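Enquirer: Structure incoming, see below.
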């Protein structure tokens, strides 16, 4: 009797299917996409992931959007939910991403993985604001994932790291990047692409460190109190001071530019 083939794939088998088309994909990348709510593979009673063909198709769509359009995951999620990606509604979606209602007059875009559809290609999205990139707490990226999510080139990342504008955590030769590094990188990208050299971005880092030192002088003495309940209060005060400092800095820059530009 012929052995029945399972109707699902392991995460390693999914990686084997995708890695030729997407050399940068890793198991950690697939887990990361799951943690962000973009995919929702079935789980066995013992917690193992079980992927089906529609899960692989959805991964192809997500990876294609990241590679070709450098989109943050929240925007990719919105494009899936709106039907801009796979408007036919054939792909499986994790909970919270509803299938779009497809009108008979709606043109069906060509699936990036080569699935059948109308001949019209996916239209390129409008430019994405840097504030759209966020990670869940505790989620970290490897360098390839970081590059894909921020849209920075390898040379730009190297330059920002050489001037300590971005400071990834390192374990041996491997570097990992968290939400803070993503936010800094996307802001730095705007400045770099405007012609400001990476070495000049240290001005912002130095100013931030000075502001942080001033705030520490105010709140650190309160941290030495033995009352444990004082810590949340001190943290809230530090955030309030940081917010006020940010608004003051923005107002001063605006005033300076107004004078310079007449």
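The values are calculated or read from the model by the stated rules, or taken from the named source; none is laboratory data. Just so we're clear, the structure is a prediction, and the values are computed from it rather than from any experiment. All Cβ positions, glycine included, derive from the backbone under ideal geometry; neighbour counts span all protein chains shown.
Enquirer: Return the residues of the range 205-218 that are touching a helix residue (DSSP H, G or I) at 6+ places or on another chain (Cβ under 7 Å) and surrounded by fewer than 15 Cβ atoms within 10 Å (Cβ to Cβ); say none if nothing qualifies.
Expert: 218
Enquirer: Moving on to the next point. Given (1) under 29 Å from residue 140 (Cα atoms); (2) outside the structural domain of residue 143 (by TED's automatic domain parsing); (3) in contact (Cβ under 8 Å) with a residue 24 or more places away in the chain, where does residue 249 come up short, assuming only one miss?
Expert: Answer for residue 249: the failing condition is (1).
Enquirer: Is there a residue in the range 218-237 that is in a helix (DSSP H, G or I), outside the structural domain of residue 160 (by TED's automatic domain parsing) and within 26 Å of the chain's Cα centre (by Cα)?
Expert: No - not one qualifying residue is present in the range 218-237.
Enquirer: Additional query: From the residues in the range 32-51 that are surrounded by 15 or more Cβ atoms within 10 Å (Cβ to Cβ) and more than 16 Å from residue 77 (Cβ to Cβ), which one is nearest to the chain's Cα centre (by Cα)?
Expert: 41
Enquirer: Which of (1) surrounded by 12 or more Cβ atoms within 10 Å (Cβ to Cβ); (2) closer than 30 Å to residue 141 by Cβ does residue 233 not meet, given it meets every other one?
Expert: With (1) surrounded by 12 or more Cβ atoms within 10 Å (Cβ to Cβ); (2) closer than 30 Å to residue 141 by Cβ applied to residue 233, the lone miss is (2).
Enquirer: Condition first: within 22 Å of residue 33 (Cβ to Cβ), in contact with a helix residue (DSSP H, G or I) (Cβ under 7 Å, 6 or more places away or on another chain) and not in a helix (DSSP H, G or I). Now tell me which residues in the range 145-204 satisfy that.
Expert: 151, 152, 168, 175, 177, listed by residue number.
Enquirer: Only one residue in 255, 242 is in a helix (DSSP H, G or I) and closer than 30 Å to residue 149 by Cβ, so which one is that?
Expert: 242
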